[in-house]
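Report on one structure; see the data block that follows.
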Amino acid sequence: MQASRMAANASASCSGRMHAPLGRRAQAAAAAAAAPRRCSGRGPPARARAVAVRAERKEYYDFKDMPPLPVTVKRITVPELDHTVVDKATEETRLASLAIFYDIWGDDQYGRRLTRKSALTMLCMYDSDDTAGAEARPGDYPNIALLRRVLEEGLDLEFVVEEFGPGA
């Protein structure tokens, strides 16, 4: 009896072979596998939150995105203003300025100059706490004050990176 039911429900394929129909659960599983996958709306929550938080804070860089600290740099100066951005011989602070100025100095699109474009880029690279602190206490953040001055006055200045080594 079982064989006769199977034969009655079987369908013929193009090759002439007989196939038994699938059970209800198997049919549902096959239909689910064949159907296009739909988004559950949950997605990867950690990534979505990270993007939203970063967009809300409007920060260009965070610590993992900072350019690497150059080990060969001795001093960065702006000769026209007699301004020392950082001098590794006399100070261990201003490491963010060291990394940011060196990163822009090495980027060909800025031509090793402080212009409105490079100053704006550098200001975006600083941490928002530092830029807010520079607004409140300009003397504590001379490099951010310099960049704001370049931006406001439209200055076009050369800045020089002195490096350690035989060719320096």
- Message: Percent of Cα-Cα pairs more than 20 Å apart in segment 104-168, please.
- Response: 33
- Residue-wise, which Karplus ³J(HN,Hα) couplings in Hz belong to segment 74-91, taking 6.51 cos²θ - 1.76 cosθ + 1.60, θ = phi - 60°, and x for glycine or proline? 9, 7, 10, 9, 10, x, 4, 9, 6, 10, 9, 5, 7, 10, 5, 6, 10, 8
- Counting Lys and Arg as +1 and Asp and Glu as -1, what is the net charge of the other residues whose Cβ lies under 14 Å from the Cβ of Arg137? -3
- Task: Using a cut-off of under 18 Å, list every residue of segment 144-160 whose amide N is near the label point 7 Å from the Cα of Arg116 along the Cα-to-beta-carbon line.
- Result: 146-158
- Query: At what distance in nm do the modelled label points of Ala145 and Asp129 sit from each other, each positioned 7 Å from its Cα along Cα→Cβ?
  - Reply: 2.2
- Message: Just to confirm a number: summing +1 for Lys and Arg and -1 for Asp and Glu over residues other than Leu155 whose beta-carbon lies under 10 angstrom from that of Leu155, what do you get?
- Response: -1
- Query: Put a dot 7 Å past each Cα toward the Cβ at Glu153 and Asp82; how far apart are the dots in nm?
  - Reply: 1.4
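Throughout, read-outs are computed from the coordinates displayed, never taken from laboratory work. The model shown is predicted, which means the values in this text are computed figures rather than measured ones. In this analysis, Cβ positions are derived from the backbone assuming ideal geometry, glycine residues included, and neighbour counts consider all displayed protein chains.
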